[in-house]
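For reference, the structure discussed in these notes is given below.
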Amino acid sequence: MARTIIPFGPQHPVLPEPVHLDLVVEDEKVVEARPSIGFIHRGLEKLVEKKDYQEFTYIAERICGICSFIHGQTYCQAVETIMNLPVPPRAHYLRTIWGEFSRLHSHLLWLGLMADALGFESLFMHSWRVRERVLKIIEATTGGRVIFGTCKVGGVRRDIGPEAAADILKELDGIESDMREITRVFLKDRSVKDRMCGVGVLTKEEAYELGCVGPTLRASGVSQDMRQLGYAAFHELRFEPVTRTDGDSYARCAVRCGELFQSVDLIRQAFARLPGGDIAVKVTGNPNGEHIARTEQPRGEVVYHLKANGTKNLQRFRVRTPTFANLPALLKVLQGCELADVPVLVLTIDPCISCTER
Amino acid sequence: MGYFTLTRLALKWALSKPVTTRYPFEPRQPVPGSRGELAFTKESCVYCNICAKKCPTGALVVNRAGKRWAIDRLLCIQCGCCVESCPKKSLSLTPSHGTIAITKDREWF
C-alpha cells in the first residue's frame, strides 16, 4: 500500500490551537505522525531581561489564555520561595479557590471542544453555557474573565467578602447540578462512547515512561497530581486524585469529568476554612537565588525554573508546560489509529500550544 | 450504554428562555467588579508620575511641567497597577469596557 502524507493543522476546524502534524497514512490508517511546532513562539522567557520581577507576573499570566491564573500563581510562588516571603494564609486560600475555578472553566471548555470534535453540537453549546456561569463568578471576583490579574508577588490583589462567598457557594450548587446533567451525557451516551471507548489506548507503563502528566497520566492509572505536594492551601484540604485504568479517550474524558466535581468540592472546603487576615505582604528588595516550582494545571504538571542574581530583573526563566510533556504520548497513540479519530485523539491530551511555544 | 441522553436537557431548554442575548441590539450589562476602562480624575491629580513608572506596559505618560496626563488605550491592559499606586486616588477602573480605541494617539487630559 502506497503511503501518503496528509497535513493536519496548523489551522484546523477542530483545533483552536496551531499545532501542525504530518500524518503518514496507509489507506485510512495513520502509520506515523510528525509534529512541527513553533508557529506562535513569542519569546516570553527572554522578556525577563526587560521587565522587572514584579511586572513579569503579568507576562507569566499571559503565557496561556486558559490556565493563566495558575501560571501567575506558579511564578509568584517561585519568587516568594526565593525571597522567603511570609505569604498570608488567606492569600493561599484565595489562590486555591481561583485556581480551582480556573480548572473548572478549562475542563468545561475542553468538554465543549470535545463534543464539537465528535460532531455533538448541542452538547458543545450546553458545556459552554455552564462554563459561562463559572466565568461570571471569575469576572465578579477577579475583574477578568480568563486573565484574572489578581495574583502578585507577596499575595493577592483582591479579597472575597463573606456576602460574595455566600453568593458564590449558592451559584456553585446550580453549576454542579448543570455539570451533572452534561457529564451524564459524556459518560453514558452511546454516540459519545462509540467515538471514544477503546480509541487511543495508553497503558500505565507507556504513560509513565513517555512522561505524561495530568489527566492523560491519571487516565492510565497513575495516581499522580501535583496538588498532593501541598502548595497554596492544598496541604490543608482533603482530596484524592481522580484516576481511571483504561487509558483510552473515554478514560481521559471521565477523569476530566471527575475533576470538575473534585474542584467544586475543593472550592467548598476552601471557603469553609478560609482564614481571616491580610491578603498580601509588602515586598521589598530583589530576589537572589534559584528555585523550581511545580503546580498542577488543568492540563497537568507545570514546572517553572527561576534564577535570580539580586537585581530587579531575573537572570533566567524557563517553563516546562504540560502539553510539551504530553506530546510524545500523543504521537504514540496516533500510530495505528484511523484517520477519522485523529481530531479526537489530539484533543484528548487537551493541547495548549500557546503555552508550549511561549 | 444510554440512548437519547440529551433529550431531557434539550426539551428543558427548548421551553426555556435563551441564555444568550441579542447583542448588539441588547447591550451587555457590565459585571460589577470587572476591570474595564481606566478613568482619570483631573481635579485630584498632583502629576507625581508614580502611575507612569509603575505601569507594566508603559501606557501612561505624565507631563509634570504642563500638568497633563495621557493614556495609550491600545497599550493599557487594565491590570489596575496604577490604581493601586496612585497616592491621590485619581485613577479608577470602571466595570464598563468603554469605547473602542480607533486611533493610535494618546488620549490627553
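The values are calculated or read from the model by the stated rules, or taken from the named source; none is laboratory data. All values derive from a computational prediction rather than experimental measurement. Backbone-built Cβ (ideal geometry, glycine too); neighbour counts: all protein chains shown.
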Within the bounds of region A:124-138, is there any residue that is of a type in the set (Asp, Glu), under 22 Å from A:Val344 (Cα atoms) and out of contact with any Phe, Trp or Tyr (no Cβ under 8 Å at 6 or more places or on another chain)?
no
Out of curiosity, is B:Ala101 of a type outside the set (Ser, Thr, Tyr), away from chain A (no Cβ under 14 Å), crowded, with 16+ Cβ neighbours inside 10 Å and touching a Lys or Arg at 6+ places or on another chain (Cβ under 7 Å)?
no
Only unsatisfied item for A:Gln224, checking (1) within 14 Å of another protein chain (Cβ to nearest Cβ); (2) in contact with a helix residue (DSSP H, G or I) (Cβ under 7 Å, 6 or more places away or on another chain), is (1)
Search result, residues across region B:67-91 that are within 12 Å of chain A (Cβ to nearest Cβ) and not in a loop (DSSP other than H, G, I, E, B):
B:Cys81, B:Val83, B:Glu84, B:Ser85
Restricting the search to region B:11-54, which residues are within 10 Å of chain A (Cβ to nearest Cβ), surrounded by 14 or more Cβ atoms within 10 Å (Cβ to Cβ) and either part of a helix (DSSP H, G or I) or at pLDDT 90 or above (or both)?
B:Trp13, B:Lys54
Kindly indicate whether A:His105 is buried (at least 18 other Cβ atoms within 10 Å of the Cβ) and more than 14 Å from the chain's Cα centre (by Cα).
no
Return the residues of region A:257-279 that are more than 21 Å from the chain's Cα centre (by Cα), buried (at least 18 other Cβ atoms within 10 Å of the Cβ) and small (Gly, Ala, Ser); say none if nothing qualifies.
none
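Please find, among A:Arg133, A:Arg190, A:Arg180, the residue that is touching a strand residue (DSSP E or B) at 6+ places or on another chain (Cβ under 7 Å), within 14 Å of chain B (Cβ to nearest Cβ), surrounded by fewer than 20 Cβ atoms within 10 Å (Cβ to Cβ) and among the charged types (D, E, K, R).
A:Arg190
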Given the criteria part of a helix (DSSP H, G or I), within 17 Å of A:Gly230 (Cα to Cα) and either within 11 Å of chain B (Cβ to nearest Cβ) or touching a residue at least 40 places away in the same chain (Cβ under 8 Å) (or both), does A:Ala117 qualify?
no
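Condition test on A:Ala166, is it more than 12 Å from every other protein chain (Cβ to nearest Cβ) and surrounded by fewer than 21 Cβ atoms within 10 Å (Cβ to Cβ)?
yes
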Filter result (assigned to a loop (DSSP other than H, G, I, E, B) and either in contact (Cβ under 8 Å) with a residue 40 or more places away in the chain or within 14 Å of chain A (Cβ to nearest Cβ) (or both)) within region B:55-66:
B:Cys55, B:Pro56, B:Thr57, B:Gly58, B:Ala59
Checking A:Phe124 against (1) within 27 Å of B:Ser96 (Cα to Cα); (2) within 13 Å of chain B (Cβ to nearest Cβ); (3) part of a helix (DSSP H, G or I), which test does it fail?
(1)
Residues A:Glu290, A:Glu259: which one is part of a helix (DSSP H, G or I) and in contact with a His (Cβ under 9 Å, 6 or more places away or on another chain)?
A:Glu259
Quick one: is A:Glu171 in a helix (DSSP H, G or I) and away from chain B (no Cβ under 14 Å)?
no
If we keep only residues of region A:332-356 that are farther than 22 Å from A:Thr321 by Cα and small (Gly, Ala, Ser), then the residue nearest to the chain's Cα centre (by Cα) is A:Ala340
Residue satisfying condition, being β-branched (Val, Ile, Thr) and under 27 Å from B:Cys76 (Cα atoms), within set A:Thr183, A:Thr150, A:Thr203:
A:Thr150
